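Reading through the structure tokens given below for one structure.
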Amino acid sequence: MRLAGFGAFAAGVTLLPVLFPDNYFVTVVGVSAGLHVILAVGLNLLIGYAGQISLGHAAFFGMGAYASAILTTRHAWPSLLAMAAGLLIAGSIAWLLARPILRLRGHYLAMATLGFGIIVHVVMVQATGWTGGPDGMAGIPPLNLLGWEVDGDRRWYGVVSAAALLTIWLSLNIVDSRVGRALRAVRGSEFAAQMMGIDAAGAKTQAFVVSALFAAFAGSLFAHQQAFVSPDSFSLMVSVDLVIMVVLGGMASTFGAAFGAIALTLLNEGLVVFEDYEMLIHGALLMIVMIFLPQGLFVGLSQVGRRLSAVFYCQTEKR
Amino acid sequence: MPEQLLQFLATGVTVGSIYALVGLGFALIYNASDVVNFAQGEFVMLGAMTTVALLGAGLPLVLAAVVATLLTALVGLLLERFAIEPAAGASVVSTIIITIGAAIFLRGGVLLLWGKGFHALPPFTGDTPIRLGGATLLPQSLWVLGVTALLVALVHAFFNRTLLGKALLACSFNRNAAQLVGINVRVMLRLAYALSAALGALAGILVAPITFTSYEAGVMLGLKGFSAAIVGGIGNPMGAVAGGLLLGVLESLGAGLISSGYKDAIAFLFVLMVLFFEPTGLFGHKTAERV
């Protein structure tokens, strides 16, 4: 089942550019959707499986992006090394922050992560000497994978798709591992989990660090793909969008998160057509989906489908 | 130097009063429904923007302010009725997203109606600065302080002296028990949202002559109000007021003495520090988790 889902997803991702070569929605929007998949799948480990909210994940996304931007342009580091440095920085900060921040619950945790995200954003805007300030940094060189330069929409589509599939595969494996089971136990009841000998704080820390690493990885790819970074791409609204992707798709489901990421990317892209009505429709849709499908589109719709088929099955049985 | 400090303090208390009012709105709604309303800042913006529009339509300031406050209260009531009530029993994350959706919706509505421009209200009583010791104070600051003090006293009296206030409080302690003693919980919830929206609108109208307002003005004010409520211990109305004042003063001191660009970072760093050492806020209840 799990492998079948993964295979179907991989096949879809591979077939799209073959069926629609040079289609704007596949090559350009597809890259952005792929980056969002990486971010949402990572964040889902924290929100969906460990049951801990983060309203500041754009901060880790930004750390990865700025680390790549600064190290490759100003210090001429090779892009892979810069990416590794970004992962190291984001991972270390997440690890240092995890214990005090994940001690908090519910709305207090939401506040703390939100505050962290805003602080990092303010630093990006204000530390002009490092980050270029509100104007951002341009001229980031293309990603260089051991001599193979990634430039052009189609190469980027390939690289980002591969990266997204890699993160989905990693996430599926983490979820089914000892750590994943520990996380689900913690989400159910932290006390009960501790009673069974699970190191709850340790499990939550692992989820936080892994999701930060995924975000920084996406950030580094984003910086090279755009060749430009500015604080706008890592604002509070981006953090909120990431949470929406996870919840929209359906929490505690890796494919759900991926689905949510693609759905929200397409939605944002599609709403641009409505210009002045964009925000109004966006807000209304969010409310409607959350009110009527609180478990998310992916999980909610598949349940509706199952119920419908059950009804259908019962009726044929009766006959 | 002491004069300068006095100036920062005066500015801080003025801004802090606004945070306190927004925080009070958060606490009201949280108490009644266990929901953190991320559209609280939009109530503040809605109050100010509606007043600006009504003033432009030729209404006198006082009437415009009253109508704008009532209209915002109506929006609060509608939010409860059509977005919160149907989602009863939803998880924390779901309700957060619903209210964020509402916030985006309201921002989009205002953008559509009145555009992206920045607007200011005229000060209530002139703009000749008042000298106070070494500090100068705008007359509008006195209005902010005075009306905030009055509103806080009213809310306090409402909860402690009136039957309606006590009924609302009962809903926050135990909804089922409140229902059993004959309190109409549904009506109480709507009342809480309307009241909270009205408080937000008043905060917006009070501060609009000092800081400009626009369709996006509610975002930061809402977040600061949320911080105030969290620092005070969420669900504790007077804690939210204290939290707001504390946040305003610290932010103003930070902006004056360290760097104005890092003003927001300083405020949120303070919030993080409070949470790291007091995970349920400064005046919050220490609750034990039931297994």
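The values are calculated or read from the model by the stated rules, or taken from the named source; none is laboratory data. Keep in mind it's a predicted model, so treat the numbers as computed, not measured. Virtual Cβ from ideal backbone geometry, glycine too; neighbours counted across all protein chains shown.
Things worth noting here:
- Against the numbered list (1) in contact (Cβ under 8 Å) with a residue 24 or more places away in the chain; (2) hydrophobic (A, V, I, L, M, F, W, C); (3) surrounded by fewer than 22 Cβ atoms within 10 Å (Cβ to Cβ), A:ALA50 comes up short only at (3).
- Meets criteria (facing chain B (nearest Cβ under 9 Å), β-branched (Val, Ile, Thr) and in a helix (DSSP H, G or I)) for A:ILE119: yes
- Candidates A:LEU280, A:LEU248 - the one that is within 10 Å of chain B (Cβ to nearest Cβ), free of Cβ contacts under 8 Å to residues at least 40 places away in the same chain and in a helix (DSSP H, G or I): A:LEU280
- Any chance A:GLN303 is under 29 Å from B:ARG81 (Cα atoms) and either polar (S, T, N, Q) or within 12 Å of chain B (Cβ to nearest Cβ) (or both): yes
- Condition check for B:ILE205: outside any loop (DSSP other than H, G, I, E, B), away from every other protein chain (no Cβ under 11 Å) and within 14 Å of B:SER17 (Cα to Cα): yes
- Condition check for A:ALA110: assigned to a helix (DSSP H, G or I), buried (at least 24 other Cβ atoms within 10 Å of the Cβ), at pLDDT 95 or above and of a type outside the set (D, E, K, R): no
- Of all residues in the range B:105-142, those satisfying the criterion of being farther than 22 Å from B:GLU216 by Cα and either of a type in the set (A, V, I, L, M) or within 14 Å of chain A (Cβ to nearest Cβ) (or both) are B:ILE130, B:LEU132, B:ALA135, B:LEU137, B:LEU138, B:LEU142.
- Where A:LEU109 falls short, out of the listed (1) away from every other protein chain (no Cβ under 14 Å); (2) in contact (Cβ under 8 Å) with a residue 40 or more places away in the chain; (3) over 26 Å from B:SER260 (Cα atoms): (1)
- Test for B:LEU275: is it in a helix (DSSP H, G or I) and either over 24 Å from B:PHE158 (Cβ atoms) or within 11 Å of chain A (Cβ to nearest Cβ) (or both): yes
- Some residue of the range B:263-286 being more than 26 Å from B:PHE105 (Cα to Cα), modelled with pLDDT of 90 or more and in contact with a Phe, Trp or Tyr (Cβ under 7 Å, 6 or more places away or on another chain): yes
- Condition met for A:ALA33 (closer than 22 Å to A:LEU172 by Cα and surrounded by fewer than 13 Cβ atoms within 10 Å (Cβ to Cβ)): no
- Candidates B:GLY89, B:GLY117 - the one that is touching a residue at least 24 places away in the same chain (Cβ under 8 Å) and farther than 18 Å from B:PHE26 by Cβ: B:GLY117
- Some residue of the range A:68-78 being out of contact with any helix residue (DSSP H, G or I) (no Cβ under 7 Å at 6 or more places or on another chain) and within 13 Å of another protein chain (Cβ to nearest Cβ): no
- Breaking point among (1) away from chain B (no Cβ under 14 Å); (2) buried (at least 19 other Cβ atoms within 10 Å of the Cβ); (3) assigned to a helix (DSSP H, G or I), for A:ILE140: (3)
- Just one of the listed residues (A:GLY260, A:GLY270, A:GLY219) is within 19 Å of A:GLY86 (Cβ to Cβ) and assigned to a helix (DSSP H, G or I), namely A:GLY219.
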